[in-house]
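Some notes on the structure that comes next.
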Amino acid sequence: MAESARRDVAVDGHADIALSVREVVAGYTAELDILRGITVEVKKGEIVTVLGPNGAGKSTLIKTVAGLVPVRSGEIKLFGDSLVGVSAHRMVGRGLAYVPQTQNVFAKLSILENLELGAGFRHDRAGMKEDLAKMYELFPRLYERRKQAAGTLSGGERQMVAVARALMARPTMLMLDEPSAGLSPKLVGMVFSKIREVRELGVTMLIVEQNAKAALVISDRGYVLARGEDRVSDAADALLKNPEVGALYLGSKQGLL
Amino acid sequence: MILPQLIADGIVAGSTLALGAIGLTMTYDIMRFANFAHGEFLTFAAYFALMFVSAFGGVQTFGPLTFGWTFIVGLIIAVVLTAILALVLDWLIYRPLRRTNIVITLVIASFGAELMLRNIAVFFWGSQSRFYSTAISIHREILPGVRMSADDIFLVLLTAVLMILLQLFLTRTQLGKEMRAVSDNADLARVTGISVRRIIRWVWIIGGGLAAVSGVLVGLTVQISPENGFSLILPLFAAAIVGGIGSIYGAVAGGLIIGLVESLSVPIMGAQYKLAAAFIVMLVVLLVRPRGIFGAKS
């Protein structure tokens with residue numbers, strides 16, 4: 001694998017780290033810390049899934065990286081540049097795109113307008129057209145309905161619009177907050193197979209998921225959070241077999257597989 | 001038959017209400033508060049244009065209109081100055097208060113701003129009614145039973161052109177799409193890379209600018225008085241609410257409806273009760289459609 005070979009010869013040991021979250025403490029209000037010293041790392045080209053029970057701080061982790069939750073201490077770096085204190089609307093310009101869990105499309109705007117806004121800060125019209133074609137190739141359904149208001153779409157189609165909108169910014173790092181939330185089992189499979197296709201475009205991803213099994217199957221590594229801290233971190237297939245993870249999700253002493 | 005004339009008068013009054021209500025509904029939509037000082041943008045704009053017209057006023061007029069180039073330039077200056085006034089008001093009062101996140105503070109502050117601005121207008125320009133021109137505006141029969149002045153026709157056409165331009169702006173330009181995106185979902189707009197602060201500035205510029213046109217046109221077809229904004233603020237709110245507060249199309253439709261209702265109620269109830277008629281219609285519309293005609297489900 002060319003990718004891993006390049007990793008081995010990297011002079012600087014951190015050159016292949018896309019996102020590094022180190023000892024981060026953060027919370028919405030000054031009184032309450034939701035993240036209590038969390039450390040998560042995503043290497044270039046990886047898909048990393050963050051798991052954990054409700055209230056573990058999974059969504060807060062993503063929102064903190066996206067600049068929506070103030071960081072009290074610790075550091076967040078994207079390819080070596082600190083993201084702490086950067087306003088949320090400047091993150092896209094830094095190469096970081098984020099798909100929220102709910103209300104992640106502009107419902108009254110057309111699909112085309114949603115995608116155009118994703119590339120809003122860019123000024124290369126030719127590149128935008130090219131990317132638009134790429135998105136329609138990845139999600140053919142969206143092309144058929146490009147003039148339709150995004151709010152009229154089904155849950156699965158909306159998720160596609162949200163992901164395509166984020167990709168239009170040509171991010172180096174994409175964060176997805178529960179991409180399978182509210183979808184039928186059949187659609188969950190479809191969304192995750194699309195996510196795998198997105199990786200082929202060279203996008204590194206951090207995914208937060210309730211559906212541990214579906215997410216781990218397409219991931220390289222995973223983290224399990226509990227009460228605002230990272231508890232377990234391992235390769236995805238190891239986590240799938242880990243009885244601790246199985247206990248957390250299925251209440252059994254067996255792994256997820 | 002007096003009906004066609006009443007409808008024509010209603011459209012003239014409704015056009016200025018529509019222009020004024022757009023800014024009100026946009027402010028509510030993007031910043032989530034009812035700006036009672038909005039009427040003062042109409043008042044100040046009328047005086048900004050008057051200052052220019054009286055300084056450079058000539059006798060030259062366009063055909064049957066009562067005004068000439070100086071008025072047109074005065075109108076443009078009024079738009080620019082009123083947009084600046086709106087930005088200054090936001091910077092001085094609303095922006096610091098927005099940080100508190102308590103909407104009622106903003107609403108009460110806007111009452112205060114309204115009183116302050118109205119008194120500033122009286123202080124500088126006096127409480128006497130003024131006019132842009134002493135020329136008499138002649139009402140001619142343009143359709144059977146409908147008499148309109150050239151100024152009235154200019155007003156309706158200018159409003160129509162501005163509506164079309166606004167529609168093109170919102171649907172065809174990047175800034176317009178960003179504005180609709182913030183209106184639709186401000187949090188998502190932020191993570192999509194849109195600066196909400198920048199959009200708020202444009203809401204003041206566009207809403208203030210359209211209010212300015214409305215105020216100058218009221219000054220042209222009715223009179224210029226420091227009470228103009230205050231006496232129009234309630235019909236403007238009625239227009240925005242009937243149409244569905246937050247909706248620009250709603251503000252336009254609501255403006256025309258309120259203008260027509262006010263005009264049509266005059267022979268039935270008398271001119272002194274026309275505002276009451278407007279509010280009765282507003283209440284009836286809200287009973288049937290609680291979010292107004294174009295109001296979105298929240």
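The values are calculated or read from the model by the stated rules, or taken from the named source; none is laboratory data. Values in this document were obtained by computation on a predicted structure and should not be read as measured data. Heads up, the Cβs are rebuilt from the backbone with ideal geometry, glycines too, and the neighbour counts pull from every protein chain shown.
Within the stretch B:150-162, being under 10 Å from residue B:15 (Cα atoms), within 15 Å of the chain's Cα centre (by Cα) and not hydroxyl-bearing (Ser, Thr, Tyr) holds for B:155, B:156, B:158, B:160. Sort out which residues of the stretch B:255-298 are without any contact (Cβ under 8 Å) to a residue 40 or more places away in the chain, touching a Lys or Arg at 6+ places or on another chain (Cβ under 8 Å) and under 20 Å from residue B:28 (Cα atoms), and write them in order of number. Once the filter is applied, which keeps residues that are without any contact (Cβ under 8 Å) to a residue 40 or more places away in the chain, touching a Lys or Arg at 6+ places or on another chain (Cβ under 8 Å) and under 20 Å from residue B:28 (Cα atoms), the stretch B:255-298 yields B:297, B:298.
The residues in the stretch B:206-224 that are polar (S, T, N, Q) and touching a helix residue (DSSP H, G or I) at 6+ places or on another chain (Cβ under 8 Å) can be counted, and the count is 2.
Being surrounded by 24 or more Cβ atoms within 10 Å (Cβ to Cβ) and touching a His at 6+ places or on another chain (Cβ under 7 Å) narrows it down to one residue among B:39, B:23, B:14; which is it?
B:23
Taking the stretch B:227-276 as the search range and keeping residues that are of a type in the set (Val, Ile, Thr) and over 16 Å from residue B:210 (Cα atoms), which one is surrounded by the fewest Cβ atoms within 10 Å (Cβ to Cβ)? Restricting to residues being of a type in the set (Val, Ile, Thr) and over 16 Å from residue B:210 (Cα atoms), the top hit is B:268. In the condition set (1) within 13 Å of chain B (Cβ to nearest Cβ); (2) under 15 Å from the mean Cα position of the chain (by Cα), residue A:29 is compliant with all but (2). Here residue A:193 fits the description: more than 26 Å from residue B:170 (Cβ to Cβ), assigned to a helix (DSSP H, G or I) and under 17 Å from the mean Cα position of the chain (by Cα). The set of residues in the stretch A:79-95 that are more than 7 Å from chain B (Cβ to nearest Cβ), over 21 Å from residue A:16 (Cβ atoms) and not hydrophobic (A, V, I, L, M, F, W, C) comprises A:85, A:87, A:90.
Residues are listed down the side, and each one gets a yes or a no for (1) in contact with a strand residue (DSSP E or B) (Cβ under 6 Å, 6 or more places away or on another chain); (2) of a type in the set (Val, Ile, Thr); (3) within 23 Å of residue A:100 (Cα to Cα):
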site: B:162; (1), (2), (3): no, no, no
site: B:166; (1), (2), (3): no, no, no
site: B:171; (1), (2), (3): no, yes, no
site: B:187; (1), (2), (3): no, no, yes
site: B:192; (1), (2), (3): no, yes, yes
site: B:197; (1), (2), (3): no, no, yes
site: B:208; (1), (2), (3): no, no, no
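Within the stretch A:200-234, the residues that satisfy the criterion of being touching a residue at least 60 places away in the same chain (Cβ under 8 Å) and among the hydrophobic types (A, V, I, L, M, F, W, C) are A:201, A:205, A:206, A:207, A:208, A:212, A:215, A:216, A:218, A:224, A:225, A:226.
Of the set (1) modelled with pLDDT of 90 or more; (2) surrounded by 14 or more Cβ atoms within 10 Å (Cβ to Cβ); (3) farther than 24 Å from residue A:26 by Cβ, all apply to residue A:152 but (2).
Among the helices (runs of 4 or more DSSP H) lying completely within the stretch B:111-203, list those that include at least 1 residues that are under 30 Å from residue B:65 (Cβ atoms) and either more than 10 Å from chain A (Cβ to nearest Cβ) or modelled with pLDDT of 95 or more (or both).
Fully inside the stretch B:111-203 and qualifying: B:150-172.
From A:75, A:23, which residue is part of a strand (DSSP E or B) and touching a Lys or Arg at 6+ places or on another chain (Cβ under 7 Å)? Going through A:75, A:23 in turn, just one is part of a strand (DSSP E or B) and touching a Lys or Arg at 6+ places or on another chain (Cβ under 7 Å): A:75. Residue count for the stretch A:96-135 under the criterion of being surrounded by fewer than 15 Cβ atoms within 10 Å (Cβ to Cβ), within 19 Å of residue A:203 (Cβ to Cβ) and within 14 Å of another protein chain (Cβ to nearest Cβ): the result is 1.
Taking the conditions (1) part of a helix (DSSP H, G or I); (2) away from chain B (no Cβ under 14 Å) in turn, residue A:165 satisfies each one other than (2). Of all the residues in the stretch B:70-101, those that are surrounded by fewer than 17 Cβ atoms within 10 Å (Cβ to Cβ) and polar (S, T, N, Q) number 2.
Inside the stretch A:60-71, can you point out the residues that are surrounded by 14 or more Cβ atoms within 10 Å (Cβ to Cβ) and away from chain B (no Cβ under 13 Å)?
Across the stretch A:60-71, the qualifying residues are A:60, A:61, A:71.
Of all the listed residues (A:158, A:196, A:145), the sole one being more than 21 Å from residue A:49 (Cα to Cα), modelled with pLDDT of 90 or more and either of a type in the set (Asp, Glu) or surrounded by fewer than 21 Cβ atoms within 10 Å (Cβ to Cβ) (or both) is A:145.
For the stretch B:248-262, which positions are hydrophobic (A, V, I, L, M, F, W, C) and closer than 17 Å to residue B:284 by Cβ? I'd like the intermediate steps shown before the answer.
Residues of the stretch B:248-262 hydrophobic (A, V, I, L, M, F, W, C): B:248, B:251-253, B:256-258, B:260-261.
B:253, B:256, B:257, B:258, B:260, B:261, listed by residue number.
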